[in-house]
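Single-structure report; data block below.
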Amino acid sequence: MKFSRSFMLAIVALAILATLPLFLSGNLLNAAIKMMIAALFALAFTLAMGQAGMLSFGHAAYYGLGAFAALHLMKGVEQQLFWFPTPLVPLGGAVVGFLFGLLFGWFATQRSGVYFSMVTLALAELLFTIAPTLSGVFGDESGISTIRGAWWVFSFGPDNQVYYLTLAWVAICSLLMWCFTQTPLGRLALALRDNEHRVRFLGFNTHLARTLIFAISCLFTGVAGALLAIANEATNYTIFAAGASANVVLQTFIGGAGTFFGPALGAAVMTFFARVTSDLTRSWLLYQGVIFVLVMLFAPGGLGGLVATHAQKVRAGAWRGLIGPYALALLAGLLLVAGLVFTVESIHVVLTDAYLAATRAAGGKWVPFKLFGTSFAPDSPVTWGLPIALFAAGGLLLPIARRMTLAAWREATALPDVVGSTASPSSPARKSQGAAT
Amino acid sequence: MNASGMTAAEPVLELKGLRKSFGETQIIRGVDLAVKRGQRHALIGPNGAGKSTLFNLISGHYVPTSGEILLNGESIAGLAPHIINRRGLSRSFQITNVFPRMSVAENLRISIMGRHGHRFTLFQAISALKAVNDEVDEYIRKLRLERRRNDLAGDLAYSEQRILEMGMSLATEPSVLILDEPTAGMSREETAYIVELIREVTEGRTLLVVEHDMSVVFTLCDQVSVLVYGEVIATGDPASVRANKKVQEAYLGEEVH
Ligand SMILES: Nc1ncnc2c1ncn2[C@@H]1O[C@H](COP(=O)(O)OP(=O)(O)OP(=O)(O)O)[C@@H](O)[C@H]1O
Ligand SMILES: [Mg+2]
């Protein structure tokens, strides 16, 4: 029953994604392509991290290798060295990702925990360092670029053809990764995550198993990199940078590594967030960091965890009671966010060279600064009062919203037969609830 | 040192002059031990005697400093744990060691699927492996964990986790099962329950078990070896070991009032 519901959701999501190009224009369509690629990257990363407990800090290596593999394939076709259909180019990324996953994974999986993470980080940094010197493979500073070859009736010129190519690959790879969780090796991954030591004494070569699982994760990561290369028709060695490896970690945790689709959601949302905010403000990385910290503090299960808890715990028909408190919590949150954004952006403007020059020109006196299309004087009470008022209002509302949310949550998740008993997360309770509904 | 009333069976597990040092200190100091087929063999000894260390040597967690470990006549000393398990020796741990975020059935399935050759199987759904899943059900019944089948192992009561822990080792169907204090930390009733269960599920199997509770040793086991300060000071049937002067001085004296 649970399977079929997730399955239905996946079909609906796929249907929505399939119709999106009818509504989206160039820029948004391009954003959607990048979101899907990020989602695939996060799912592939989670295959190693969430399921087998291998927290890789160097997945940009396989992402980048997949991208370069794809570009070389496309370049070969462009220069008519060989024939290769463009829709199958991601296979090149898959093969290269898998092979390097085996090779690097063989070393990294000798260790567990932090040591594993450090080895993956070091291997990726190694690649980042030597890539610019191997200009035959990775191009020089500007990297390599090429164009998408036409295939059959598709020119792969317009964005929506690229969109559907990406969607098809992301959908197939997601399905394959979900199937992986249902195979004996996929189940073994969970056991390795829980307790690798025990697995060893049950007859499994855990080093081999971890290498294989890591390589499968790298295979799908390579596909994601190849899709990026197809979309951009170019890349350079900076794709190997540690920031790219860190990004997928952040996105996965925000999405929630404990659920299958959570990481995809987190990656899509954060990619969109980055795209929008990086155009608007130079502080967008700060905001991204704030989001990460808040999610880790208040919803450590990530977005996917939130959705899953709601789907499991909230009784049918009990949703209505939650709407009010959630809206209030949202309002409190928005007030605080507004206060934060105003403060951060004001500081940012005041610290720019242009503003400092303006104050010098005014003889060291504060001059008004422009923000959100309005002018604010630094020494005016309005300028100080606005964020303080926002913080105060949000700060006052938050505890109220919190109390109401908790009460509503208790109400919405209480069992009809044992109302009043404290909501316990034990499974017998869950079962009797399932039987009652 | 005579075998008990049973006919002399060949040893399945044999330790010969086994030694293990950590740095300067020798913890296992020349152990000779033979566990015969079909027998339940207890290993007793005071805290820190080296019982767990001996298990770690036998199961491949540590490499012996010197000496031999023979399983069915073949040397297994220094082999990797997974190889030793496949050769037919499976162990449980003194500290509960299960997969806490997996269900009881899935914990057992890991043990069972490996034995069926599904170690790295990628192109088959686990739900389609009928032989494996049937055996999982059989083991759940044997271990009397039917009501806990789909609960997370981490949510089980401590004594149930100990049963699962033992069951996982048992489910690899070893020719020798070695259990490190299966009743540690249990109440009297729980101990009686699990001892009866162990007796049931290890019927006809070869068992080496570390046990502190003497009444358990006397009811469950055919043979007893006493390990004191890294050396086996006596081996025999429970009654003769109980009567042994050296044993009484070194160990039982403090336990039997
Ligand atoms: N890895 C190790 N390094 C150094 N010393 C160790 C190591 N493992 C065990 N020892 C030491 O070996 C001795 C025997 O320990 P072991 O755990 O085998 O005893 P035990 O007989 O199982 O005791 P208990 O009844 O408390 O379980 C102890 O003094 C312990 O400190
Ligand atoms: Mg011990």
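Since every read-out is calculated from the coordinates, none of them should be taken as a lab result. As the structure is a prediction and not an experimental result, all values here were calculated from the model. Neighbour counts run over all protein chains shown; Cβ positions are idealised from the backbone, glycine included.
Under 8 Å for C-alpha pairs, at least 6 residues apart: give me the relative contact order for the range A:317-416, rounded to a whole percent.
Relative contact order for the range A:317-416 comes out at 47 percent.
Which whole-percent values make up P(r) of the range B:95-173 when all C-alpha to C-alpha distances are grouped in 10 Å steps starting at zero?
Spelled out bin by bin, the range B:95-173 gives 20, 55, 24, 2 percent.
Within the range B:163-257, which GluC sites (Glu not before Pro) sit in a loop by DSSP and count at most 16 neighbouring Cβ atoms inside 10 Å?
Hits after loop and neighbour filter: B:E203.
Is there a simple number for the mean count of other chain Cβ atoms within 10 Å of the Cβ of residues in A:177-185, and what is it?
For peptide A:177-185, the averaged partner shielding equals 5.
Over the range A:317-416, what lengths in whole Å, largest first, do the semi-axes of the equivalent ellipsoid take, defined as the square roots of 5 times the eigenvalues of the alpha-carbon gyration tensor?
Value: 43, 11, 8 Å, ordered largest first.
So for chain A, averaging the separation of alpha carbon pairs under 8 Å that are six or more residues apart and normalising by length, what relative contact order in percent results?
Here the relative contact order equals 21 percent.
If the limit is 28 Å between Cα atoms, which of A:K34/A:K313; B:K16/B:K246; A:K34/A:K370; A:K34/A:K75; B:K36/B:K246; B:K51/B:K130 go over it?
Pairs exceeding the cut-off: A:K34/A:K313; A:K34/A:K370; B:K51/B:K130.
For the range B:48-196, rounded, prolate or oblate, judged on the Cα gyration tensor with a ≥ b ≥ c (square roots of eigenvalues), a/c < 1.5 rounded, else prolate if a/b > b/c?
Because a/c hits 1.5 or more and a/b fails to exceed b/c, the range B:48-196 counts as oblate.
Residues of B:123-136, mean number of Cβ from any other protein chain within 10 Å of their own Cβ, rounded to a whole number?
If you average over the peptide's residues, the count of other-chain Cβ atoms is 2.
Would you mind getting the Kirkwood hydrodynamic radius of the protein assembly as shown from its Cα pairs, rounded to one decimal in Å?
One decimal place: 29.6 Å for the Kirkwood radius.
Roughly how many Å is it from the Cα centre of the range A:144-161 to that of the range A:273-335, as a whole number?
If you average the Cα positions of each part, the centres end up 38 Å apart.
Working from the alpha-carbon coordinates of the range A:100-142, get Rg over Rh, Rh being the Kirkwood radius.
1.11
List, largest first, the extents of the alpha carbons of the range A:1-64 along their principal axes, each in whole Å.
39, 38, 11
Rounded, prolate or oblate, given the Cα gyration tensor of the range A:309-355, with a/c below 1.5 counting as rounded?
prolate
I'd like the distance between the alpha-carbon centres of the range A:219-238 and the range B:159-223, rounded to an integer number of Å.
Using only Cα atoms to place each centre, the spacing works out to 55 Å.
Can you tell me which of A:115-126, A:225-236, A:389-400 comes out highest on packing, and rank the rest after it, using the mean Cβ neighbours within 10 Å?
A:225-236, A:115-126, A:389-400
Output needed: percent of Cα pairs per 10 Å distance bin for chain B, bins running from 0 to the one holding the longest distance.
Using 10 Å bins, I get a P(r) of 7, 30, 35, 21, 6, 1, 0 for chain B.
Please list, by residue number, every one of the chymotrypsin sites (Phe, Trp or Tyr not before Pro) in the range B:54-123 that is coil in DSSP and has at most 13 other beta-carbon atoms within 10 Å.
B:F123
Can you give the local net charge around A:P132? Use residues other than it whose beta-carbon is closer than 12 angstrom to its beta-carbon, Lys and Arg +1, Asp and Glu -1.
-2
Which three extents, in angstrom, do the Cα atoms of the range A:56-168 have along their principal axes, listed largest first?
Cα extents, longest axis first: 50, 31, 23 Å.
Checking understanding here: applying a Kyte-Doolittle mean of at least -0.5 and a length along the axis of at least 24 Å (C-alpha), which whole DSSP H helices in chain A pass?
Those that pass (Cα extent of 24 Å or more, hydropathy at least -0.5) are A:2-19, A:26-49, A:60-78, A:89-108, A:113-130, A:159-181, A:206-232, A:262-280, A:320-350, A:381-413.
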